There are 2 protein chains.
Amino acid sequence: MDYQESWDHCATLSTSLTLSDISKACRGLSDFQGDETAVLKVIGDSKQKGYKRVCMPLTTEKWKERWSKMCLLPNESSDEDKESASKAAEAWRLNPAFQRDEVTITRLDEAEGIIVMVSEWLELDAADDWVRHDAEIALKQELAYASYLNIHTVILPSPRNRDHVASYARIVNSCLTKFPYIYISIRLPIYNPSVFQPSSPSSPVLRPTSPPMHASLGSSSSIAPSLVISESEQLPASNSGVSLNATWEMWDLIRTMCDYNMKLTLTLDLSPALPTTLGVLSKWAAESVRHIFLPASTFIANVKGYPHRPMIILAEVGEGRHTRGGENAYSQYVRHLEKTSPAVQAAKKAGTVENFAQGYQDYLQAPLQPLMDNLPSITYQTFEQDPIKYMQYEEAMFRAFLDHPVDEKLVVCVAGAGRGPLVARCFKALERSNREATVIAVEKNPNAFVTLQERQIKEWGNKVQLIFGDMRLIDVPEKADILVSELLGSFGDNELSPECLDGAMRFLKPTGISIPSSYTAHLAPLSSSKLYNEARSTKTEKGLETPYVVMFQAVNILSGTKASADGRCGPQVQECWEFEHPRRDAVLDSQGLPFTNSHNARSAKLRFYIPHAGILHGLAGYFEAVLYGNIGISIHPHRKDQVSKDMLSWFPLFFPFREPLYLPSSSELQVSIWRITNDRRVWYEWHAESFISVPNSAGTSEELLMGQPFSGSFSASSSSFSSMGAPSPLVDSKEPAFLDMTRMNTNYAGSGGVEYETVKIGHTSLHNAGGRSSWIGL
Amino acid sequence: MDYQESWDHCATLSTSLTLSDISKACRGLSDFQGDETAVLKVIGDSKQKGYKRVCMPLTTEKWKERWSKMCLLPNESSDEDKESASKAAEAWRLNPAFQRDEVTITRLDEAEGIIVMVSEWLELDAADDWVRHDAEIALKQELAYASYLNIHTVILPSPRNRDHVASYARIVNSCLTKFPYIYISIRLPIYNPSVFQPSSPSSPVLRPTSPPMHASLGSSSSIAPSLVISESEQLPASNSGVSLNATWEMWDLIRTMCDYNMKLTLTLDLSPALPTTLGVLSKWAAESVRHIFLPASTFIANVKGYPHRPMIILAEVGEGRHTRGGENAYSQYVRHLEKTSPAVQAAKKAGTVENFAQGYQDYLQAPLQPLMDNLPSITYQTFEQDPIKYMQYEEAMFRAFLDHPVDEKLVVCVAGAGRGPLVARCFKALERSNREATVIAVEKNPNAFVTLQERQIKEWGNKVQLIFGDMRLIDVPEKADILVSELLGSFGDNELSPECLDGAMRFLKPTGISIPSSYTAHLAPLSSSKLYNEARSTKTEKGLETPYVVMFQAVNILSGTKASADGRCGPQVQECWEFEHPRRDAVLDSQGLPFTNSHNARSAKLRFYIPHAGILHGLAGYFEAVLYGNIGISIHPHRKDQVSKDMLSWFPLFFPFREPLYLPSSSELQVSIWRITNDRRVWYEWHAESFISVPNSAGTSEELLMGQPFSGSFSASSSSFSSMGAPSPLVDSKEPAFLDMTRMNTNYAGSGGVEYETVKIGHTSLHNAGGRSSWIGL
């Protein structure tokens, strides 16, 4: 485990300056006082006010005037005016360059550490071909000038036109290639506020500050200018999640067309009032947000928390929107919110997962393979620090001992003793339950076995019998009543606990029990640009074909918390399969070993409801284990706090997909996962398909052969479904139960007599976007 | 141009033999006559009947019996029976092997050239985990045995269970890796006939021949066997295209999960009666069909033609289903259908595109770059063979000459004369129109210029003035009335005709005209496994980032022939942009040249309606040019026969996508394409997004903030749309007109008061699946 740099809990605060702030400073300067400039003055002032960075526009109104005069002549202009503008524009296109008074900054010292706002009036997604073409040239001119001044971060104006956002994206992609040292951040409101004000004037964030633009430059007949950008050019705004998703959808398109370029980030603009539900906000948690743009007007609402650790840009703070507190009140309030946030509080408190995990967030680790590899002592030490896990094991053993007849002799076998933590807990439990037992400890790691011998001499004496060797091969002198093991991985069986315990079951009396007695694997669909980029940038060829252990941070679970209304889809996190020890009805050879590993093959087909559009980057994997009775351990996100709160030993598993899969709002995701076994190896394969319900009256009637009324019915055929019927013995589940599938027939049809059918809309596969985990050797 | 092997027009005919055919032959054998075996006898008989290949089952009923006894014990079996079956199964799983009487073939000479049918009763997609697991082992056992006998082609039974077809696909993929020398073909009916017979017994092709199977082998609690495979487990069958697409959807999933493996093919089973419309059939044209399975019962209906050149397997021919004609009637009838098929007829007739194109079908060629490269004489010769193209040019010149005032002196300039075909046609047109003219021929290829000199000496004398050099740089002694050029590529402007003619416009008098006077580029969305595989297997890094010239064969145009009912989508093939010569209102420098190449940038956003689900692999590109008046040349699929029938010079362009995009039935595809120019280069970039209409009452109401009635409206903002309003001067278009976009508001809402909204469901992009053409140097 490598640690990332430690970080403090405060976001960097930046201020956003306007052209008028600079003009004011300019007036304050008594002519030119040596090297002092208006820009240096406002930057100095901002730093004195406690801002670490300053964000400002690169160009002045003069540039906007010249560009508009060249490129946006009104239609009623005279032919002479048109021709002279066209010639000026052609000359500019040939050699794009600024005049001195068209830019705010000219010197390296002015530009140092500045974040630059690209001209807000540039319409890279204008409906008019010529406006778009000339906006691209102007953008590249600004970036070239910023490069010249050693500026590394620029913020682009928000895309405004869903219909031409592909053009915006194409231009950004071209700039990322052309300017390799510039980070480009796209300013974007968290949703389009205009969907709630259909007839009011457009918000300044989503609309150009300039008046509606007119193009006149000699368009050929195939480039008919469509002059005014208006609401009517957008996708239909309606009252569902689609409109709330519109700005995210634009970001997704830009990010995808730029192939998840690491230099492309997001400046989340919180100018529109925040929505009151979390669904719209949570998707941004999975994106590479670098800045948060927070105008003073936002402070009407409470800040709902923000993703990761972006820089916060405070705007309009000097405009006196709030009478009390003055300019500093804004930054003080942001600091207050940070300090009181539950996540920050938890991270500061020792013993919490948040505190333990610092530096591990979103860091990909290869899962341990303790069967194949012999672990180093430091790894044992890390995991032995977990107070909860061993407390649960002790409690499970304690209760099992109590349930054992007092007069019968007790034999306990610890299979895979490591450095001895379970042996130690076993003795504590024996003491608490006032029992005596023969304790046998089996370990195959020769190095750890030395530690065990050391502890036997110093602590345990001959109360414990140490046996060296692989539990699948060795024999024990005496059959056990209780077999205790801690072979579980983040996904339950992924460290080959089932295969190892198949071997160790030979040590058990026919009536004996295993701690754990069973464990289950669970999955949820995950979105995370960061994890996707991390996984595909791993050097190994298997980068996107193997699961990783990850402490999730910049992620978003895509499945809805509720099961779908029609009962087709299960809850947010769903169970794949279960293993039980000892196995019932096992077919064994004369040595008590299975002939093949076929019985440890598993598969599951799960259905998730996706309420909000998102990109599927992978699957989150969790486990839950029953140790004994109702004592268990769990990393299932909805149950872990009830079962084993503050347990630290396991982060979830991340199964990546090779190609991200777009999931629309209100869609259904079907996930297949297999645990495949043969005589030498065990591995996982996974695959996903997406579906959506459409009214079956739409469309293909031209192809109709003969009619048939809607008559499909669904019966749960997947093994995973049937196993979900049984409630967890650990938790009285509070999440909505998996609905009766037979309800589908009555509920699946929507209102108004329209019938629906499920239509496949996409898939990812083993090769295109699915995955196959590396083989684990047996 | 490389030629592929020439091929005849006949498909290979094969016969499908059954176990009873073999038993019959066995009875006919008087014990063992030397090396003769029953299998050799039936093969010999089949060859005598004219069949080139024989298809037969690999295993006998004995194997089915043993497997079923081990793996499918009925639930009511005694515990002893269960245990003994379980032990036998485990022993078999450990060492899967056949007994002599469980296979039909044992010798290399029996197996030579045989196509093997894998046991039809194997359910690789059974709902029960154990049945699937054991079917996988049995399949691999059969493939291993086939490998041993040097058999190269096996046909797998059809997938039957949409819910577990991902498991089927995973197993096939695993076999393709494990058996590198075996071609695996999936038998699949063209659609699921059971959708039309909801309550009748299942068809023999889609259902196992065995009775419903029961599993009993010690399932753990998480593997609850779901015993009977029934209709109810399939996706809801309804009266739209979804059900007709179901078998294709299964094939698509298998093919995708196997990553378009070249060794995976399709055996199209025509047992179900053919549907009466082409939409369901045409999608199979884009797939790698290797065999067509044609039972005698199919002959009730007429065969509707079949894709490419697969082998045809005739089945049940010996069963006397038709009283007249006997067994040979079937193969004779297939031969008759082949001979009378319009495609075969055309291919046999000299002068047709079909005849000319033989060997070029689906062969990817890099587009010519005549500006950058100097073409070899053989290339000129190939294109000069086109009788139609030069006839059209001659006719255009003839009419232009007639329209020129008789008393005015006429100057004609051929810009890019090549080896002189246009010069020769110019003289013919002058003769026909009884005019005299100064003819100037400009050519920059120094090698072709030698040929021109040769022809000047031998044919033309001083009636023609030859000028060597690049038309963008040289000068002519006299301004022309008519400038004639043939610089067009398959997509119109892709060989840089606009840029070259910008230079040559200096040669034209102010009133002069250009032949061609304009040209347009057109696109349609394309599906083709073959072209996708060909493009990605090209050695260059740019394999999927450059367009190709291709004579399409195994392709399917995905867009519907009709515009969508709501008017949002245009016709099947849509216009992108236009170039006109001479340009109006051009801004030029003192030499008459443009300052920049900005005016030749273009972009288009097109909307296609997709009636049937399919995989988008790329875009088909076409051009149409107006030479003069209503004389033109066109490769637009719906117009070429009206404009310039039998013209041979251009095959369409294929723009590949890097990742295939799944398009559901009744979806909308939005395609963006850009022609990008700078001072040194020209290139294309392309991108696609898919959308579907969903009722906006469905789903995300939990996220609702405030209501707003459906109020979106669409106005055509793309330049491409406005240009489509004008009808082609060449054709009174018979395809449905592009509907008025304003109709959307009234028609977009469906029946029953449900409102619809358009939801994005996927995209392909420059990087994930879009493309960027190689730069063309200016």
Around residue A:153, what is the net charge, scoring Lys/Arg as +1 and Asp/Glu as -1 over all other residues with Cβ under 11 Å from its Cβ?
+3
Ordered by packing density, taken as the mean number of other Cβ atoms within 10 Å over each peptide's residues, highest first, how do B:432-442, A:483-493 rank?
A:483-493, B:432-442
Would you be so kind as to list the residues of segment A:679-693 that have their accessible area lowered by at least 10 Å² in the full protein complex compared with their chain by itself (1.4 Å probe)?
A:685, A:687, A:689, A:691, A:692, A:693
Using a 7 Å Cα-to-Cβ projection, residue B:562 label spacings across copies, nm, ascending
3.8
Residues with amide H under 5 Å of residue B:313's amide H, sequence separation 5 or more or different chain, H placed in the peptide plane at 1.01 Å from N; which?
B:14, B:292, B:293, B:294
Calculate, for residue B:509 and residue B:537, the FRET efficiency according to 1/(1 + (r/R0)^6) with r their C-beta to C-beta distance and R0 51 Å; round to the nearest 0.05.
0.50
From the phi of every residue in segment B:506-518, what ³J(HN,Hα) in whole Hz does the Karplus formula 6.51 cos²θ - 1.76 cosθ + 1.60 yield, where θ is phi - 60° and glycine or proline is x?
5, 7, 9, 5, x, 8, x, 10, 10, 10, x, 8, 6
Any idea of the accessible area per residue across segment B:60-102, 1.4 Å probe, to the nearest Å²?
60
GluC sites (Glu not before Pro), restricted to segment B:105-138: which are DSSP loop and have at most 14 other Cβ atoms within 10 Å?
B:112
All lysines inside 25 Å of residue A:444 as judged from Cα atoms, apart from same-chain residues fewer than 8 positions distant:
A:389, A:428, A:458, A:463, A:479, A:509
Keeping all protein chains in place, calculate the accessible area per residue for segment B:514-652 (probe 1.4 angstrom), answer in Å².
30
Considering only protein heavy atoms and a 1.4 Å probe, what is the carbon-and-sulfur percentage of the accessible area of segment A:586-693?
47
Using 5 Å bins from zero, what percent of all Cα-Cα pairs in segment B:522-667 falls into each bin?
2, 8, 15, 17, 17, 15, 12, 7, 4, 2, 0, 0
For residue A:406, go 7 angstrom from Cα along the Cα-to-Cβ vector, then report the distances to that same point in the other copies in nm, smallest first.
13.4
Counting only other residues whose beta carbon sits under 14 Å from that of residue B:391, what net charge do I get with K and R as +1, D and E as -1?
0
Give me the one-decimal nm value for the distance between modelled label points at residue B:379 and residue A:561, 7 Å along each residue's Cα-to-Cβ direction.
6.5
Mind ranking A:528, A:517 by accessible surface for me, highest first, 1.4 Å probe?
A:517, A:528
Ordered by number, the chymotrypsin sites (Phe, Trp or Tyr not before Pro) in segment B:383-436 that occupy a DSSP loop and have at most 11 other Cβ atoms within 10 Å are none
Taking amide H positions as placed 1.01 Å from N in the peptide plane, with prolines and chain starts having none, which residues 5 or more places from residue B:687, or on another chain, fall under 5 Å of its amide H?
B:672
Rounded to the nearest 0.05, what FRET efficiency is calculated for residue A:140 and residue A:24 with R0 set to 51 Å and r the Cβ-Cβ distance?
0.95
Given labels modelled 7 Å from the Cα in the Cβ direction, how far is it in nm from residue A:109 to residue B:459?
7.6
Given backbone amide H placed at 1.01 Å from N, residues whose amide H is under 5 Å from that of residue A:179, ignoring those fewer than 5 places away on the same chain, are none
With a Förster distance of 30 angstrom and the Cβ-Cβ distance between residue B:77 and residue A:475, calculated FRET efficiency to the nearest 0.05 equals 0.30
How much accessible area per residue does segment A:351-476 have, counting only protein heavy atoms and a probe of 1.4 Å, in square angstrom?
47
Residue by residue through A:593-606, how many Cβ atoms from other chains fall within 10 Å of the Cβ on average?
5
Residue-wise, which Karplus ³J(HN,Hα) couplings in Hz belong to segment A:128-139, taking 6.51 cos²θ - 1.76 cosθ + 1.60, θ = phi - 60°, and x for glycine or proline?
7, 4, 5, 4, 4, 4, 6, 5, 5, 4, 5, 4
Cut-off 13 Å, label 7 Å out along Cα→Cβ of residue A:436, residues of segment A:451-477 by amide N:
A:463
How far apart are the residue B:474 label points across copies, placing each 7 Å from Cα toward Cβ, in nm, shortest first?
9.2
Buried accessible area between B and A (1.4 Å probe, both chains summed, ligands and nucleic acids excluded), in Å² to the nearest 100?
11000
Calculate the mean, over all residues of peptide A:163-171, of how many other protein chain Cβ atoms lie within 10 angstrom of the residue's Cβ.
6
Leaving out ligands, DNA and RNA, what percent of the accessible area of segment A:60-102 is carbon and sulfur, probe 1.4 Å?
47
Give me the percent of the accessible area of segment A:371-486 that comes from carbon and sulfur atoms, probe 1.4 Å, all protein chains in place.
51
Select from segment A:328-432 those GluC sites (Glu not before Pro) which occupy a DSSP coil region and have at most 13 other Cβ atoms within 10 Å, ordered by residue number.
A:408
Read phi for every residue in segment B:671-682 and hand back ³J(HN,Hα) as whole Hz from Karplus 6.51 cos²θ - 1.76 cosθ + 1.60, θ = phi - 60°, with x for Gly and Pro.
10, 10, 9, 10, 9, 10, 10, 9, 6, 10, 9, 9
Straight-distance crosslink candidates among lysines, where the alpha carbon sits under 17 Å from residue B:178 and sequence neighbours closer than 8 are dropped
B:140, B:263
Cross-link partners of residue A:640 among aspartates and glutamates (Cα-Cα below 15 Å; sequence separation of 8 or more within a chain)
A:354, A:386, A:575, A:624, A:732, A:735
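The values are calculated or read from the model by the stated rules, or taken from the named source; none is laboratory data. Just so you know, these numbers come straight off a predicted model, no measurement behind them. In this analysis, Cβ positions are derived from the backbone assuming ideal geometry, glycine residues included, and neighbour counts consider all displayed protein chains. Only protein heavy atoms, including side chains, enter the accessible area calculation; ligands, DNA and RNA are left aside. Shrake-Rupley method; radii C 1.70, N 1.55, O 1.52, S 1.80 Å.
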